[in-house]
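No value in this document is a laboratory result; all are computed from the given coordinates. Just so we're clear, the structure is a prediction, and the values are computed from it rather than from any experiment. Here the Cβ positions follow ideal geometry from the backbone for every residue, glycine too, while neighbour counts run over all protein chains shown.
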Amino acid sequence: MSLHWSTIQAILQGQPIPPVPAADILISHLCTDSRAVAADGYSLFVALRTPQRDGHTYLMHAYAQGIRHFVVATDAGAQLPPDAHVVPVPHTLTALHQLAIAVRQLFAGPVIGITGSNGKTIVKEWLHQVLSPDYSICRSPRSYNSQVGVPLSVWQLQPQHGLALFEAGISTMGEMEPLQRIIQPTWGIFVTLGAAHDEGFPSRARKLLEKWKLFEGCSKVFCRIDDAMVHAQATTSGVLLVSWGFAPEAQYRLLHMDLQGHTTVVTLLHKQVELKFVIPFTDEASVENALHVAIVGLEMQVALDTLQQRLLTLHALTMRLEWVKGLHHSLLLNDSYSYDLTSLQIALHHLRQQAGHQPMMAILSDLPAQDTAQAYEEVAGLLVQHHIRVLAGIGPNMLTYSHLFAARGIAVHPFASTHDFLLRFHRQLLAHTTVLIKGGRAFGFEKIVQQLQQLQHQTVLELHLTALAHNLNVYRSRLQASTGIMVMLKAFGYGSTDAELGRWLQHRGVQYLAVAYADEGVALRQGGVHLPIMVMNPDPDSFAQMVAHRLEPELYSFEVLQAFEEFATAHGLTAYPVHLKLDTGMHRLGFVPEQLAALTEKMTTAQALRVMTVFTHLVAAEAPEQDAFTQAQASAFEACTQALAQALPYPFLRHAANTAAIARHPHLHYDMVRLGIGLFGVANAADSNLNLQPVSRLYTTVAQVKQVAAGQSVGYGRKALLQRPSTIATVRIGYADGYRRQLGNGVGFMYLNGHQAPVLGNVCMDMTMLDVTDLPPVQPGDRVEVFGEHISVNDLARLCHTIPYEIMTGISRRVKRVLVEE
Ligand SMILES: *Cc1c(COP(=O)(O)O)cnc(C)c1O
């Protein structure tokens with residue numbers, strides 16, 4: 001939508017500075033992140049405050065991007081150049097909501113609001129697929145469903161739209177009412193009620209009640225009523241319900257769901273008529289989501305056979321953005337999400353944030369269903385705005401319009417087709433760049449991603465950044481606002497990856513990183529990480545490297561201290577940041593309390609060094625039976641740091657708590673905590689109530705499926721003698737990848753096609769055999785979960801008689817790492 005500056009000022013009832021001029025400008029873009037999108041003279045920047053960041057610190061950055069219109073908090077004392085137009089308001093988030101409400105009120109068409117725990121985005125996207133032949137649809141981009149995402153989504157409403165689909169997501173009490181006021185849905189859809197965000201609510205029932213507030217004023221609410229709690233809520237809330245499910249009273253009553261090959265045939269009974277749908281999925285969640293879409297389609301009067309045809313074209317959505325290492329030290333951003341200008345903007349924003357100062361390029365196909373010069377002008381404009389100077393454009397329209405890109409100073413390499421690109425593209429162009437790969441489905445860009453990535457191995461360790469952000473927030477919510485977080489990225493982030501993760505963390509309000517060895521710190525720096533980094537095992541041979549890369553050593557003995565001080569002095573360094581480790585009971589590294597007097601004296605005179613932090617490590621923070629020992633460690637630590645604080649002429653930070661202590665010992669957080677394994681979603685039994693999400697997920701694929709007769713054996717040493725005719729799936733992971741041999745012979749299992757399959761016989765070096773006799777049909781290429789959503793790292797560790805740390809760090813380097821953002 002576009003609103004005049006004078007209208008905006010009237011909606012917000014703020015006094016603009018300076019007063020609105022006669023030439024009243026039309027604002028067409030809203031922006032809350034100065035690094036983001038479409039920043040120009042027609043954009044309005046709303047400075048939001050979140051626990052992680054204050055938008056007011058980015059005002060000048062936004063100004064430098066060309067933005068001249070701002071909504072700021074009255075108390076922020078914002079100073080902007082005289083040609084900036086500013087409306088000060090008491091609360092900027094409320095102002096954003098007010099603007100969205102005003103825009104919503106200008107829209108007269110139907111609006112479908114979607115909420116629930118899982119499936120909101122899929123249902124929204126599929127509804128869009130099914131209804132877009134009949135309507136011009138405005139929908140939330142990706143999963144923009146938060147207090148900020150919803151207003152930004154609603155702002156996109158345009159006069160030509162005939163239908164809007166918005167999702168609403170909440171994580172705590174009181175959040176739905178504002179979203180309801182913005183969306184004002186005419187119809188509502190309630191998708192599943194699950195465990196997501198339970199921690200933000202007094203109970204599951206209260207969460208449901210809160211979510212249901214979205215439907216205030218709806219003339220119809222679609223809801224599956226097989227869950228007893230949802231059923232009760234739906235039938236007592238007084239809305240006009242369109243219910244479905246196995247429940248006998250459902251208006252669309254499910255009679256059967258029959259698996260047929262790779263489809264599910266669903267029979268519904270509605271007003272005494274049997275309706276049959278073929279859904280192109282076999283997993284329960286997708287079938288449920290597709291049925292929501294089918295029933296909404298029916299209620300929107302889509303003809304039955306048309307609806308059936310459209311349902312068959314639904315495809316599993318990869319909502320995700322994937323980061324993977326590419327050829328020639330590049331980093332590839334694979335965004336296979338549906339391709340339009342909005343999703344391109346979002347992808348470019350992610351690209352730029354992750355790239356830092358590294359060069360960027362884009363590999364883009366023709367825009368689906370757009371062939372006007374204007375559309376390609378817009379693409380070119382977006383590329384320029386995001387400082388992308390190199391484009392490989394694929395498709396007939398990209399060929400036709402390549403001059404438009406060239407005219408904007410973009411080095412454009414046009415290709416007629418994906419095939420042409422794969423033949424002719426100079427891989428050298430990728431060297432050290434961050435690359436966006438985004439194309440319409442018809443262009444088959446999977447092939448491009450496959451060929452440009454560094455590792456081809458089908459066994460993949462996925463790191464789910466959405467889960468990582470969730471876990472970080474879980475731990476952050478346990479801390480006082482003034483307590484910092486040091487993230488432990490030793491062993492390349494617990495076996496995950498190196499620089500990408502560090503770069504990602506530095507946008508998330510983390511104060512410090514720590515690594516075990518200097519090499520790991522150097523890798524982070526080379527990847528563009530500028531946060532302070534502590535190195536826990538500084539080897540004298542690595543001092544020069546460390547100083548060159550501003551890595552800060554942990555000093556744990558007089559030998560290391562002496563050596564580093566001499567090095568620093570010899571190189572003319574002053575007040576070089578260092579960290580002191582005290583041994584209060586671990587008996588691994590560290591100064592013991594008896595050495596404290598000597599240490600204090602030494603540090604007061606060491607001009608070359610400056611103590612940034614003093615810390616100790618708790619040995620059994622997770623164990624209630626060791627709490628007395630933990631307390632003794634803390635007391636010793638406090639005594640020592642007090643003595644140091646008295647002697648040193650400057651302040652330093654204190655830290656002791658690892659993951660387990662963050663949850664269990666809030667009084668031992670001190671100035672900073674050291675978050676390790678918990679960030680990756682692996683909690684021990686003591687803090688299983690934190691609702692962490694698994695970050696590291698290991699997948700492989702099926703190489704071959706075989707029928708083997710009873711009496712035959714499988715694998716080395718004939719360890720598995722078959723008692724029955726069996727179906728065996730051989731998968732592409734073995735002990736050389738980190739899948740341990742202890743897991744052979746029925747000890748371990750993997751998860752595929754919705755079921756667990758036990759390991760048969762011995763684990764081989766590169767392969768493992770699974771017994772899939774009892775599973776729905778398995779095919780070569782099927783994806784197999786080794787651990788992740790259905791099998792936890794903890795489960796696997798238990799089966800191997802080890803700890804999750806060892807499983808995670810044991811995944812070998814030949815396994816491809818992919819960062820996934822959903
Ligand atoms: C590994 C480590 C941590 C983090 O431990 P988690 O249990 O993974 O949270 C904290 N401090 C030090 C000194 C460590 O070596």
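In vacuo Debye scattering of the chain, one point per C-alpha: log10 I(q)/I(0) at q = 0.05, 0.07, 0.10, 0.11 Å⁻¹?
Cα-only, vacuum Debye calculation for the chain: -0.31, -0.62, -1.29, -1.51.
Straight-line reach from LYS719: which aspartates and glutamates have Cα under 14 Å away, leaving out those fewer than 8 places along the same chain?
ASP771
Short version: what are the Cα gyration tensor semi-axes of the range 45-99, square root of 5 times each eigenvalue, largest first, in whole Å?
Gyration-tensor ellipsoid for the range 45-99: 17, 13, 10 Å.
Hey, if you drop one equal point scatterer on each alpha-carbon of the range 463-505 and run the Debye formula without solvent, what base-10 log of I(q)/I(0) do you get at q = 0.20, 0.21, 0.23 Å⁻¹?
-0.70, -0.76, -0.88
If the range 136-281 were replaced by its equivalent ellipsoid, with semi-axes equal to the square roots of 5 times the Cα gyration tensor eigenvalues, what would those be, largest first, whole Å?
28, 20, 15
If I require 15 Å or longer along the helix axis, counting alpha carbons, and a Kyte-Doolittle average no lower than 0.5, what helices from the chain are left? Use full DSSP H segments.
Helices meeting the criterion: 92-105, 284-299, 558-570.
What do you get for Rg/Rh of the range 671-822 when both radii come from the Cα atoms and Rh is the Kirkwood radius?
Looking at the range 671-822, the ratio lands at 1.01.
Largest first, please: the extent of the C-alpha atoms of the range 575-619 along each principal axis, to the nearest Å.
32, 19, 11
Please give the net charge around ASN334, taking every other residue with its beta carbon less than 14 angstrom from that of ASN334, where Lys and Arg add +1 and Asp and Glu add -1.
Net charge in that neighbourhood comes out at 0.
With Rg and the Kirkwood Rh both taken from Cα atoms, where does Rg over Rh land for the range 262-308?
Rg/Rh for the range 262-308 comes to 0.95.
Based on the Kirkwood radius over alpha-carbon pairs, what value in µm²/s does the Stokes-Einstein equation return for the translational diffusion coefficient of the range 1-117 at 25 °C and 0.890 mPa s?
It diffuses with D of about 167 µm²/s by this estimate.
How far is the Cα center of the range 208-277 from the Cα center of the range 281-310, in Å?
The two parts, judged by their Cα centres, are 12 Å apart.
Quick one: P(r) of the range 558-670 from all Cα-Cα pairs, 5 Å bins, percents rounded to integers, in order of increasing distance.
Whole-percent P(r) values from 0 Å outward: 2, 12, 22, 22, 17, 11, 8, 4, 1, 0.
In Å, the Kirkwood hydrodynamic radius of the range 357-432 over pairs of distinct alpha carbons?
Mean inverse Cα-Cα distance, inverted, gives 12.5 Å.
Would you pull out the residues with amide H under 5 Å of LEU609's amide H, same chain only if 5 or more places away, H placed 1.01 Å from N?
Those lying under 5 Å, H to H, from LEU609 are ALA575, TYR576.
Mind checking which lysines have their C-alpha under 23 Å from LYS447, skipping anything on the same chain fewer than 8 residues away?
Counting by Cα, and skipping residues close in sequence, LYS447 has these lysines nearby: LYS325, LYS438, LYS816.
Kindly write out, for the range 660-675 in residue order, the coupling ³J(HN,Hα) from the Karplus curve 6.51 cos²θ - 1.76 cosθ + 1.60 (θ = phi - 60°), rounded to whole Hz, with x marking Gly and Pro.
Result, ordered by residue: 4, 6, 4, 6, 9, 10, x, 6, 10, 6, 6, 8, 7, 10, 10, 8 Hz.
Using only the alpha carbon atoms of the range 138-211, find the Kirkwood hydrodynamic radius as the inverse mean reciprocal pair distance, in angstroms to one decimal.
Over the range 138-211, the inverse of the mean reciprocal pair distance is 13.1 Å.
First select every other residue whose beta carbon is under 10 angstrom from the beta carbon of ILE811; then total the charges, Lys and Arg +1, Asp and Glu -1.
It works out to a net charge of +2.
Amide H to amide H under 5 Å from MET361: which residues, 5+ apart in sequence or cross-chain, H placed 1.01 Å off N in plane?
Residues meeting the criterion, in which the H sits 1.01 Å from N, are THR434, VAL435, LEU436.
Kindly work out what percent of the DSSP beta bridges joining two residues of the chain are antiparallel, to the nearest 5.
DSSP beta bridges in the chain are roughly 40 percent antiparallel.
Please list, short to long, the whole-number percent of alpha-carbon pairs of the range 305-357 in consecutive 10 angstrom bins beginning at zero.
20, 39, 24, 11, 6, 0
Rounded to the nearest whole Å³, what is the per residue volume of the convex hull around the Cα atoms of the range 748-822?
So the per-residue Cα hull volume is 130 Å³.
For the range 97-185, what does the relative contact order come out to in percent, with C-alpha contacts under 8 Å and a separation of six or more?
In percent, rounded to a whole number, it is 44.
Hull surface divided by four, with the convex hull built on the Cα atoms of the range 492-558: how many nm²?
Mean projected area of the Cα convex hull: 4.4 nm².
Under a cut-off of 26 Å between alpha-carbon atoms, report the lysines in cross-link reach of LYS271, not counting same-chain residues fewer than 8 places apart.
LYS220
In terms of modelled amide H atoms, which long-range or inter-chain residues lie less than 5 Å from the amide H of THR264?
ILE279, PHE281
Where does the charge balance sit around LEU722 when Lys and Arg score +1, Asp and Glu -1, over other residues with C-beta under 12 Å from its C-beta?
Here the count lands on +3.
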